[in-house]
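Right, one structure below, let's go through it.
The values are calculated or read from the model by the stated rules, or taken from the named source; none is laboratory data. Treat the numbers as computed from the prediction; the structure is a model and nothing was measured. Cβ sites come from the backbone with ideal geometry, for glycine too, and all protein chains shown count toward neighbours.
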Amino acid sequence: MVPVRIDLARSAGTDFEQIVLTLRLSLAELGRPLPAFDIALRRYCLRRAMVDATESAPGTDPDRASFTVALQAARDQVITAVGVLPADETADTAGVLARAVLTALLPRRRPRMSARRVKCPMSRYPLSPTESRPLNSKTITHLAINIHRPHDTHSAPGDGGPAPQVPSAALARTGTKDRTLQLLRTDPHRTWRVREIANALQYPNFHSLCAQLSRWAREGLLHKPDHGTYTLAASWIHHDRPQPPAPTSLTNPHGA
């Protein structure tokens with residue numbers, strides 16, 4: 001018996017698959033087995049037996065095969081060796097491992113959906129305010145497919161109708177950046193301190209908010225006139241709000 005150390009072949013940068021295949025073909029002609037002590041090969045053999053078991057039952061999803069059941073059946077088979085000899089008439093044609101896998105199949109996969117989000121307070125990719133998918137995982141009960149006409153790519157920008165409105169449920173899930181910008185837009189020309197912003201937003205992590213405000217100032221969203229004070233950048237102030245009329249000078253119509 002010739003043991004094969006695949007981990008040494010990996011460290012040497014050798015194509016160990018080709019080496020194993022060459023040794024297997026060479027020893028097969030001599031009638032000698034080729035044992036392998038790599039745990040990855042054992043998992044591969046077990047996975048292959050699980051796939052063969054599910055393919056023996058048409059219509060069975062391979063994802064329903066339990067790896068734990070297959071591993072326990074393989075351990076029991078090493079100890080008991082039931083149905084190994086061809087003379088054993090009680091042996092199942094599908095194999096003991098396949099029968100154990102098919103007996104304890106996992107439940108069918110449930111189609112579910114949820115919003116993709118990064119669970120990190122300092123993430124650069126927070127949840128989009130236009131996200132319509134639910135935060136918690138929901139089971140899909142039915143599917144509806146709608147085919148839409150392609151948009152005209154030759155139209156001028158701004159001719160596609162009104163901008164899409166953000167749903168109210170999505171506004172409640174806006175991130176810290178959007179909430180901060182909405183707060184500063186209430187009084188865009190005011191100089192805000194970090195403590196005032198944190199209290200208004202009920203943000204518990206004061207130091208994290210300081211770091212975020214500094215980064216947004218470098219990105220051009222905010223203006224930092226002094227240490228610890230911020231104001232909204234001019235490019236982010238809404239210009240569509242009605243402005244008070246400019247004061248007019250009082251003149252005498254008679255020139256006096």
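Observations
- Take the conditions (1) modelled with pLDDT of 70 or more; (2) surrounded by 10 or more Cβ atoms within 10 Å (Cβ to Cβ); Arg173 misses just one of them, which is (1).
- Complete set of residues in the range 192-241 that are touching a strand residue (DSSP E or B) at 6+ places or on another chain (Cβ under 9 Å), part of a loop (DSSP other than H, G, I, E, B) and among the small types (Gly, Ala, Ser): Gly228, Ala233
- Counted as qualifying within the range 1-95 are the helices (runs of 4 or more DSSP H) with 3 or more residues that are modelled with pLDDT of 80 or more and within 21 Å of Arg108 (Cα to Cα), namely 39-55, 67-80.
- Search result, residues across the range 179-199 that are hydroxyl-bearing (Ser, Thr, Tyr) and either under 12 Å from Leu221 (Cα atoms) or outside the structural domain of Leu209 (by TED's automatic domain parsing) (or both): Thr180
- Scope the range 105-146; condition more than 30 Å from Thr68 (Cβ to Cβ), charged (D, E, K, R) and at pLDDT 70 or above; matching residues: Arg133
- Test: residue in the range 147-168 that is loosely packed, with under 10 Cβ neighbours inside 10 Å, of a type in the set (Gly, Ala, Ser), at pLDDT 80 or above and in a loop (DSSP other than H, G, I, E, B): no
- Scope the range 47-61; condition more than 17 Å from Ala74 (Cβ to Cβ) and free of Cβ contacts under 8 Å to residues at least 24 places away in the same chain; matching residues: Glu55, Pro58, Gly59
- Lone qualifier among Ala200, Ala211 - being under 28 Å from the mean Cα position of the chain (by Cα) and closer than 16 Å to Lys177 by Cβ: Ala211
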